[in-house]
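> My questions will all concern the structure given below.
The values are calculated or read from the model by the stated rules, or taken from the named source; none is laboratory data. These figures come from a predicted structure and were not determined experimentally. In this analysis, Cβ positions are derived from the backbone assuming ideal geometry, glycine residues included, and neighbour counts consider all displayed protein chains.
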Amino acid sequence: MGVNAPMDTDTCRLYLITPPAFDPTVFADTLAAALDAGDVAAVQLRLKDAPDADWRAAIDALRPVAQSRGVAFLLNDRADLVRATGCDGVHVGQTDTPAREARAMIGDLTLGVTCHASRDLAMQAGEDGADYVAFGAFFPSSTKEVTNLADPGILSWWSSLMELPCCAIGGIGPENCGDLVRAGADFLAVVSAVWNHADGAAAGVRAMNAAIAAARA
């Protein structure tokens, strides 16, 4: 992993992605409660099509919350903002900034790459300097339209051959994450399972960590 990101992978860990819309000032307290509730490896700030001013305001509000708790703070796509704003890295999709270009922008910080359900894309991401690859979606998602679901077998294939960590994403919750954990996912990226939990985000983190522990038992 990048030097500033404590994304250890001795066990499967939770990876939080911010909700589609939020007030950064208010959400900072929600994020703090979530991170204080249990183990979280990283927080990814995702603000699709937002102006730079909104990105910077959200980073200023949320980055200290994550980093003060030893949680890596990553940006979605915006490799150009990572170093200037003190973030820990970037995650890029296949239609975002190319991985090699992102690596050049962020130096030795953490780079994650979306690989859908493609072994070829994952291999290419590794060659391009990724610190982790993300597979999915594994289940229908409320945050993105999903056309082709990934099979958990791709996690088993990757983890048996590669040392590079893998992240599972897409519709993941406590009720369905077990197969992904057992298949070898190093990280589970979630949105709704935490931020839309009926008892609040802290309860969502506790529920996810309990489900991960149960799957590993």
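> Tell me which of these Ser156 doesn't satisfy, since it passes every other one: (1) more than 28 Å from Leu31 (Cα to Cα); (2) of a type outside the set (A, V, I, L, M, F, W, C); (3) assigned to a loop (DSSP other than H, G, I, E, B).
Among (1) more than 28 Å from Leu31 (Cα to Cα); (2) of a type outside the set (A, V, I, L, M, F, W, C); (3) assigned to a loop (DSSP other than H, G, I, E, B), Ser156 violates only (3).
> Any idea which of Gly126, Gly170, Gly112 is closer than 23 Å to Arg63 by Cβ and either surrounded by 17 or more Cβ atoms within 10 Å (Cβ to Cβ) or in contact with a helix residue (DSSP H, G or I) (Cβ under 8 Å, 6 or more places away or on another chain) (or both)?
Numbers: Gly126 fails: closer than 23 Å to Arg63 by Cβ; Gly170 fails: closer than 23 Å to Arg63 by Cβ.
After applying the criteria, what remains is Gly112.
> Exactly one of (1) at pLDDT 95 or above; (2) under 12 Å from the mean Cα position of the chain (by Cα) is unmet by Met7. Its number?
Answer for Met7: the failing condition is (1).
> Here's another thing I want to ask about it. Which condition number does Leu149 fail, the rest of (1) at pLDDT 95 or above; (2) among the hydrophobic types (A, V, I, L, M, F, W, C); (3) more than 16 Å from the chain's Cα centre (by Cα) being met?
The one condition Leu149 does not meet is (1).
> Do you know which residues across region 89-105 are in contact (Cβ under 8 Å) with a residue 12 or more places away in the chain, surrounded by fewer than 24 Cβ atoms within 10 Å (Cβ to Cβ) and either under 14 Å from Leu75 (Cα atoms) or hydrophobic (A, V, I, L, M, F, W, C) (or both)? Full working, then the answer.
We begin by selecting, within region 89-105, every residue in contact (Cβ under 8 Å) with a residue 12 or more places away in the chain; these are 89-94, 96-103, 105.
Subset that is surrounded by fewer than 24 Cβ atoms within 10 Å (Cβ to Cβ): 93-94, 96-98, 100-101, 103, 105.
Selection gives Gly93, Asp96, Thr97, Arg103, Met105.
> A further question on this structure: Any idea how many residues of region 128-148 are on the phi < 0 side of the Ramachandran plot and not in a loop (DSSP other than H, G, I, E, B)? Quick ask: steps written out before the conclusion?
Of region 128-148, the ones on the phi < 0 side of the Ramachandran plot are 128, 130-135, 137-148.
Okay, now just the ones that are also not in a loop (DSSP other than H, G, I, E, B), so 132-135.
Here the count works out to 4.
> For residues that are in contact (Cβ under 8 Å) with a residue 12 or more places away in the chain, more than 20 Å from Met7 (Cβ to Cβ) and acidic (Asp, Glu), tally how many sit in region 116-174.
Counting residues in region 116-174 that are in contact (Cβ under 8 Å) with a residue 12 or more places away in the chain, more than 20 Å from Met7 (Cβ to Cβ) and acidic (Asp, Glu) gives 1.
> Answer yes or no as to whether Leu121 is closer than 15 Å to His91 by Cα, modelled with pLDDT of 95 or more, assigned to a helix (DSSP H, G or I) and of a type in the set (A, V, I, L, M).
Details: closer than 15 Å to His91 by Cα: yes; modelled with pLDDT of 95 or more: yes; assigned to a helix (DSSP H, G or I): yes; of a type in the set (A, V, I, L, M): yes.
The answer is yes for Leu121.
> Here's something else I'd like to know. Counting just the residues of region 35-49 that are out of contact with any helix residue (DSSP H, G or I) (no Cβ under 8 Å at 6 or more places or on another chain) and outside any strand (DSSP E or B), which one comes out surrounded by the fewest Cβ atoms within 10 Å (Cβ to Cβ)?
Filtering first and then ranking leaves Asp49.
> Report whether or not Val90 is among the hydrophobic types (A, V, I, L, M, F, W, C), in a loop (DSSP other than H, G, I, E, B), within 18 Å of the chain's Cα centre (by Cα) and farther than 20 Å from Ile212 by Cα. Let's see the steps before the verdict.
Working: among the hydrophobic types (A, V, I, L, M, F, W, C): yes; in a loop (DSSP other than H, G, I, E, B): no; within 18 Å of the chain's Cα centre (by Cα): yes; farther than 20 Å from Ile212 by Cα: yes.
Against the criterion (among the hydrophobic types (A, V, I, L, M, F, W, C), in a loop (DSSP other than H, G, I, E, B), within 18 Å of the chain's Cα centre (by Cα) and farther than 20 Å from Ile212 by Cα), Val90 does not qualify.
> Also, I was wondering about something else. If I ask for residues that are under 18 Å from the mean Cα position of the chain (by Cα) and not hydrophobic (A, V, I, L, M, F, W, C), which ones from region 119-134 would you list? Spell out the reasoning first.
Of region 119-134, the ones under 18 Å from the mean Cα position of the chain (by Cα) are 121-122, 125-126, 129-134.
Once the filter is applied, which keeps residues that are under 18 Å from the mean Cα position of the chain (by Cα) and not hydrophobic (A, V, I, L, M, F, W, C), region 119-134 yields Gly126, Gly129, Asp131, Tyr132.
> Of all residues in region 12-34, how many are in contact with a helix residue (DSSP H, G or I) (Cβ under 7 Å, 6 or more places away or on another chain), among the hydroxyl-bearing types (Ser, Thr, Tyr) and crowded, with 17+ Cβ neighbours inside 10 Å?
Looking only at that region, the number is 1.
For (1) assigned to a strand (DSSP E or B); (2) surrounded by fewer than 16 Cβ atoms within 10 Å (Cβ to Cβ), each residue gets a yes or a no:
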position	(1), (2)
Ala189	yes, no
Ala193	no, no
Asp199	no, yes
Arg206	no, no
Ile212	no, no
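> Something else about it: Just to be sure before I move on: is Asp96 over 15 Å from the mean Cα position of the chain (by Cα) and of a type outside the set (S, T, N, Q) in the structure I sent? Don't jump to the end; show me each part of the working.
Working: over 15 Å from the mean Cα position of the chain (by Cα): yes; of a type outside the set (S, T, N, Q): yes.
Considered against the rule, which asks whether it is over 15 Å from the mean Cα position of the chain (by Cα) and of a type outside the set (S, T, N, Q), Asp96 comes out as yes.
> Looking only at region 198-217, count every residue that is within 18 Å of the chain's Cα centre (by Cα) and of a type in the set (A, V, I, L, M) and tell me the total.
Residues of region 198-217 that are within 18 Å of the chain's Cα centre (by Cα), as a first pass: 201-202, 204-209, 211-212.
Filter once more, keeping what is of a type in the set (A, V, I, L, M): 201-202, 205, 207-208, 211-212.
Residues that pass the stated criteria total 7.
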